[in-house]
Amino acid sequence: MIVGSNVHIGNNSYFKTEGGFIIGDNTHISRNTVVYTVNHDYEGTALPYDSKLNYKPVIIGKNVWIGMNVSIVPGVTIGDGAIIGLGTVVNRDVEPFEIVGSGKAITLKKRDLAHYDSLENQKRYGGVDGKAYERHSDSSSYLANRDKVICFVLSTGRSGSKTITKILNQDRSCHALHEDIHQLIRISTQLSYDPKNVSLKNELDAIFAFKTWPSNEGQVLIHSDQRLWNLVSYLSENFPNAKFIHLKREATSCIRSMLYRDWYQPNEYPKYNNHDWAMYRLQGDKLGVFSTSEWNEMTPLEKCTWYYSYVNSNIEASLKAIPGERHMYIEVENLSESIKDVQRFLNLDLQELNVVASNTMKKEHGHKQINENDLNEEITKAINKFN
């Protein structure tokens, strides 16, 4: 869930946000509002529906006013400046500046656009009970800070993406976040299947337009997230001073770690129905790399190996398209020796930072008895197959 500045939400509202929910600046939501971003699958494996959820994000723009007892169905976008009347069931997209009421969300009329633009240009927004809102200096968005230096750490996962944030956060001039934008789990994978999807690009735009910039003045903001691998072009364009670190782990140890975490197992997260990390695990057949029958015949080890090769290759290709001074490469095994290089790359003062591993294999996975030599041999065969 991404919430902009000066957002007001009334009592007893209920938001089911797993599918992605964004609220723009200066939006007022009255009491008893219900927002759903997921649907049950009634054509699944059980009646009346099974445990699978279909995810559809809801995006509410800026300067929107939503009355009491409004229900918003999955997949709806409400444009800037719209007004939703009391009791409306919003079951379609609402255009910017549109005023809709109950029934089939019919258009009542349009806002006075000249009046709206005048107030928008003057930055005159209503706070509590419509009283004049004074913007605080610490509530600006990513979009407002797009020219600042920001660093994105790219990786496959299981390759030190959390460790590097733990290390860099020892430096007070850094603000490092690990997998902080939950929607990217879905957006990244869906964009890999459909790179020209306009609604997904619009959702990314909305995230960075309304998400609050979390670092203090003088701090370098760092995002480390395995779901950034296919967003280099978008991020470099929207953040012109962004820097990128390709964090790569040795193939055998990385793939082995994926296997220990049950990546690409049929029931990858048995304790959680339709866990996002498993639901949006990259599928080679949906990318057109394999046929569905070929993909289904592959073992989890082969899928992990293919994923490792595919993602790292795409990261390398994407970084070649931007100037060399904006990106660097680090091997996880040499992270201790590379920290000072990272500090220089980010123009930080050189200082000693402790290197401590994070997100290591959980105890619940420790019971697995796998012959390491046999496993390494199988991984080597798979690496040779997919490289």
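The values are calculated or read from the model by the stated rules, or taken from the named source; none is laboratory data. Here the structure is a predicted model, which means the values were calculated and not measured. A quick note on method: Cβ atoms are made from the backbone with ideal geometry, for glycine too, and the neighbour counts reach across all protein chains shown.
Could you tell me whether any residue of the range 6-15 is assigned to a loop (DSSP other than H, G, I, E, B), within 27 Å of ALA144 (Cα to Cα) and touching a strand residue (DSSP E or B) at 6+ places or on another chain (Cβ under 9 Å)? Yes: one or more hits.
Is it the case, given these coordinates, that PRO74 is at pLDDT 95 or above, in the same structural domain as SER30 (by TED's automatic domain parsing) and in contact with a strand residue (DSSP E or B) (Cβ under 6 Å, 6 or more places away or on another chain)?
yes
Does ASN314 satisfy the criteria of being in contact (Cβ under 8 Å) with a residue 24 or more places away in the chain, among the polar types (S, T, N, Q), closer than 29 Å to LYS56 by Cβ and part of a helix (DSSP H, G or I)?
Working: in contact (Cβ under 8 Å) with a residue 24 or more places away in the chain: yes; among the polar types (S, T, N, Q): yes; closer than 29 Å to LYS56 by Cβ: yes; part of a helix (DSSP H, G or I): yes.
When the stated conditions are applied, ASN314 passes them.
The set of residues in the range 158-204 that are in contact (Cβ under 8 Å) with a residue 24 or more places away in the chain and among the β-branched types (Val, Ile, Thr) comprises THR163, ILE164, THR165, ILE167, ILE181, ILE185, ILE187, THR189. Taking the criterion of being buried (at least 21 other Cβ atoms within 10 Å of the Cβ) and assigned to a loop (DSSP other than H, G, I, E, B), the residues of the range 203-241 that qualify are ASP225, TRP229, PHE239. Contact map, the range 283-296: residues that are closer than 13 Å to THR189 by Cα paired with residues that are part of a loop (DSSP other than H, G, I, E, B), Cβ distance under 7 Å, separation 6+ or inter-chain. Pairs shown: GLY284/PHE290; ASP285/SER291. Is there a residue in the range 48-60 that is among the hydroxyl-bearing types (Ser, Thr, Tyr) and assigned to a loop (DSSP other than H, G, I, E, B)? Yes, some residue in the range 48-60 is among the hydroxyl-bearing types (Ser, Thr, Tyr) and assigned to a loop (DSSP other than H, G, I, E, B). Checking ARG111, ARG135, ARG92 one by one, the residue that is modelled with pLDDT of 95 or more and either outside the structural domain of LEU348 (by TED's automatic domain parsing) or within 30 Å of GLU352 (Cβ to Cβ) (or both) is ARG92 and no other. Scanning the range 310-358 for residues that are polar (S, T, N, Q) and closer than 15 Å to VAL220 by Cα gives GLN343, ASN347.
Selection of first residues in the range 1-28 that are over 23 Å from TYR125 (Cα atoms) and of second residues that are buried (at least 20 other Cβ atoms within 10 Å of the Cβ) and acidic (Asp, Glu), restricted to Cβ pairs under 9 Å at least 6 apart or on distinct chains, gives the following pairs, ordered by first then second residue: GLY20/GLU203. Among the residues making up the range 62-118, those that are in a loop (DSSP other than H, G, I, E, B), of a type in the set (Val, Ile, Thr) and closer than 28 Å to LEU204 by Cβ are VAL64, VAL70, VAL73, VAL76, THR88. When the range 353-374 is limited to residues that are farther than 22 Å from HIS178 by Cβ and in a loop (DSSP other than H, G, I, E, B), the one that is modelled with the highest pLDDT turns out to be ASN371. On the stretch given as the range 316-335, residues that are touching a helix residue (DSSP H, G or I) at 6+ places or on another chain (Cβ under 9 Å) and either at pLDDT below 95 or under 19 Å from THR252 (Cα atoms) (or both) total 6.
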